[in-house]
Amino acid sequence: MNVLGIETSCDETAAAVVVDGRDIRANVIASQVDLHARFGGVVPEIASRAHLELVNGVIGDALVGAGMTFADLDAVGATHGPGLAGALLVGVSAGKAIALARGIPYVGVNHLEAHLHAAWLQDPDVQLPLAVLLVSGGHTMLVAVTAEAEYRVLGQTVDDAAGEAYDKVARLLDLGYPGGPVIDRLAATGDPGAVRFPRPMRGDGLDFSFSGLKTAVLHQVRRAPEVAVADLAASFQAAVVDVLTDKLAAAADAIDARTLVIGGGVAANSGLRASVAALGERSGRRALIPPPDLCTDNAAMIAATAWRRLRRDGPTPLDDGAMPNLGLPTD
Ligand code: KG4
Ligand code: ZN
């Protein structure tokens, strides 16, 4: 079954063709990062307009890449939430239009569930239960996956998301947007022991807090402006990675997980990837770490999730709209 996936929830316009939920034939991403960089964050109205301009070309590129035409598609899935309302509407409308024109099913896809599904894209026979650390610009949560569509949120951030903390710290260090990749690169050249930043809520349940850490970096910069930026980056990253890894370990213990999974943009972080791989070895659990391009926003995960949801629940009615505040389905 050939499924076209469309992703327009934030600042990436993406389309992919995935066969039977696992075989990625094309995975195209047009990033809008350059359009938003000078504003230091995603500007919703600019994002919607850019999606509108890019979406048809990206879908066309995905079809060409897969060696297919619209006539070869058996279903189309589009992210319908959570995300920016105007941005989501572009992908949802494109998906429905294709479904209507071709007489094929449309599936509205939950973006958070799709990040979890990167695990199945990587390994269709992944061993449950999974302890998943989902860390992006908008979300930081620990999720127990006990069966294919059975999720339990074990903990989440009480303030900023991990990616948001990266972006805000990069901003106060004048490193540009998005902050994650820049800090990650700089951290590799710095000393993670240079500054001892706090490990917020470490050893205190499965929720997270990052806004205090961001403030600690600000105070440190004011107090000792002479500390090298690379050392600050490495020290900040060490604090974030310590907390994320500790809490993933605690979550895995709590549910006796067979497999550890990371997903979301921050899962592209080299420090986190190394630390979770080490946790896997230490705990005797398999660490499933998808390649960075399946961790950050992409449409392959949308197409794969659409395929599974279509088998389970059938098509989404065409009068269903975008749902900006959608949560993970936990019923
Ligand atoms: O999942 P994603 O692509 O979009 C959202 O759904 O939010 O995540 C984007 C976030 C941004 O905050 C970005 O700074 C962060 O992921 N990010 C990283 C890295 N690459 C992207 N954070 C840390 N290290 C990275 N290498
Ligand atoms: Zn995402």
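The values are calculated or read from the model by the stated rules, or taken from the named source; none is laboratory data. Note that the structure is predicted; figures quoted are calculated from it, not measured. A quick note on method: Cβ atoms are made from the backbone with ideal geometry, for glycine too, and the neighbour counts reach across all protein chains shown. Please note that ligands, DNA and RNA were not included when accessible areas were found on the heavy atoms of the full protein model with its side chains. Shrake-Rupley method; radii C 1.70, N 1.55, O 1.52, S 1.80 Å.
Comparing mean-square fluctuations of V92, V126, V58 from a GNM of the chain with C-alpha springs under 10 Å, the top value falls on V126.
Scanning residues 5 or more positions from T157 or on other chains, those with amide H under 5 Å from its amide H are T140, F208, with H placed 1.01 Å from N in the peptide plane. Taking the DSSP bridge list for region 125-292 and keeping only pairs wholly inside it, about 55 percent are antiparallel. In the chain, the DSSP beta bridges split such that about 60 percent are antiparallel, to the nearest 5.
Using all alpha carbons of region 170-237, what is the percent of pairwise distances in each 5 Å bin, ordered from the shortest bin to the longest? For region 170-237, the binned pair fractions read 4, 17, 26, 28, 16, 7, 2, 0 percent. Name the residues of region 263-299 whose amide N is less than 16 Å from a point 7 angstrom out from the Cα of D256 along the C-beta direction? The answer is 284-286. Straight-line reach from K247: taking Cα to Cα under 17 Å and skipping same-chain neighbours fewer than 8 places apart, the aspartates and glutamates in range are D159, D160, D204, D207, D256, E281.
Tilt of helix 162-172 relative to the longest C-alpha principal axis of the chain, in degrees (0 to 90, nearest 10)? Helix 162-172 and the main axis of the chain meet at about 60 degrees. For the chain, the solvent-accessible area of protein heavy atoms averages 40 Å² per residue (probe radius 1.4 Å; ligands and nucleic acids excluded). Backbone phi angles across region 124-130, fed through the Karplus curve with coefficients 6.51, -1.76 and 1.60 (θ = phi - 60°), yield HN-Hα couplings of x, 9, 3, 7, 8, x, 9 Hz in residue order; Gly and Pro are listed as x. Here, region 109-191 is characterised by an Rg to Rh ratio of 1.07, where Rg is the alpha-carbon radius of gyration and Rh the Kirkwood radius. Taking GluC sites (Glu not before Pro) in DSSP loop conformation with at most 16 other Cβ atoms inside 10 Å as exposed sites, the chain has its longest uninterrupted site-free stretch at 1-147. Cβ-Cβ distance of T330 and V64, R₀ of 56 Å, FRET efficiency by 1/(1 + (r/R0)^6): the value works out to about 0.90.
Stretching the chain fully between R171 and A278 yields a gain of 35.5 nm (0.36 nm per residue, less the alpha carbon separation).
Taking the charge dipole of the chain about its Cα centre, with +1 at Lys and Arg Cβ atoms and -1 at Asp and Glu Cβ atoms, the residue from V266, A228, P105 reaching farthest to the positive side is A228.
Note on region 125-292: the C-alpha convex hull projects to 9.1 nm² when averaged across all orientations. Among the trypsin sites (Lys or Arg not before Pro) in region 30-123, those placed in a DSSP loop whose Cβ has at most 11 other Cβ atoms within 10 Å are R38.
Expressed per residue, the C-alpha convex hull volume of region 227-331 stands at 158 Å³. Values of log10 I(q)/I(0) for the chain across q = 0.07 Å⁻¹ run -0.28, by the Debye formula with one identical scatterer at each alpha carbon and no solvent. Working value for region 28-145: equivalent-ellipsoid semi-axes of 25, 23, 13 Å, each the square root of 5 times a Cα gyration tensor eigenvalue, largest first. Amide H to amide H distances under 5 Å link G77 with L4, G5, I6, V107, where only residues 5 or more positions off or on other chains count and H is placed in the peptide plane. Rounded to the nearest 10 degrees, the inclination of helix 85-102 to the longest alpha-carbon principal axis of the chain is 30 degrees.
Here the Gaussian network model covers the chain, with springs between Cα atoms less than 10 Å apart; of V55, V221, V17, V221 fluctuates the most. Among D125, D207, D319, the residue with the largest mean-square fluctuation in a Gaussian network model of the chain, with springs joining Cα atoms closer than 10 Å, is D319.
Once the Cβ-Cβ distance of V227 and D34 is raised to the sixth power relative to R0 = 35 Å, the FRET efficiency obtained is 0.70.
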